[in-house]
1. What is the list of residues in region 98-140 whose amide nitrogen lies under 12 Å from a point 7 angstrom out from the Cα of Asp45, following Cα to Cβ?
2. Quick one: what are the phi-derived ³J(HN,Hα) couplings along region 105-118, Karplus 6.51/-1.76/1.60 with θ = phi - 60°, whole Hz, x for glycine and proline?
3. At a Förster distance of 30 Å, what's the computed FRET efficiency of Ser20 paired with Tyr97, Cβ-Cβ distance as r, to 0.05?
4. Could I have the simple spin-label model distance between Ser116 and Thr35, label points 7 Å from Cα toward Cβ, reported in nm to one decimal?
5. When the solvent-accessible surface of protein heavy atoms is calculated with a 1.4 angstrom probe, in what order do Lys69, Lys138 fall, highest first?
6. Roughly speaking, what is the centre-to-centre gap between region 36-83 and region 99-131 when only Cα atoms are used, to the nearest Å?
Amino acid sequence: ISDAGTLKRLDASLIGGGVSNAFMTEGLASNASGTIVFNNELFDDGGNYNTSNGRYTAPSNGKYIFFFKVLGAGVAAEIAFQINGSTPGGQANAWGYTSGGTSPDGVTAIFDLTASQYVTVFTSNTVYANYNFFGGAKLY
């Protein structure tokens, strides 16, 4: 920051210190449907993803970006994010669709969350235990 030709230092703590609370997971214990629990964390900067229930819990109020991809296990499946167990927005039950086990599908979305709200991935039919991932980060 410049003030009359003088370079001043900006303390990173004033802009959040660069903490993203980012996470990335993959893999399931077995083929599954309903709330999908990804059990292999590649990283979890804030420790906010729970490998026992598949929930990413927002540590603070803000805008968060999430993404996932899954492959239907030989059947078509509607796929969606859920916030606190409900599908957000006007998407009814699905934000995407996997086609009979031949084409994976994914969803990316930005949500305005308050502290302690949680996000999960939901599928209407069985998806494979592999060929999948779920991740995200706090934007601001």
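The values are calculated or read from the model by the stated rules, or taken from the named source; none is laboratory data. Everything numeric here is computed off the predicted structure, so don't read it as measured data. Cβ atoms come from the backbone with ideal geometry, glycine included; neighbour counts cover every protein chain shown. All accessible areas refer to the heavy atoms of the entire protein, side chains included, with ligands and DNA or RNA removed. Shrake-Rupley method; radii C 1.70, N 1.55, O 1.52, S 1.80 Å.
1. 136-140
2. Karplus values, whole Hz, x for Gly and Pro: 9, x, 9, 10, 8, 10, 10, 8, 10, 9, 3, 6, 5, 10.
3. 0.50
4. A separation of 1.6 nm, rounded to one decimal place.
5. Sorted descending by solvent-accessible area, the residues read Lys69, Lys138.
6. 7 Å
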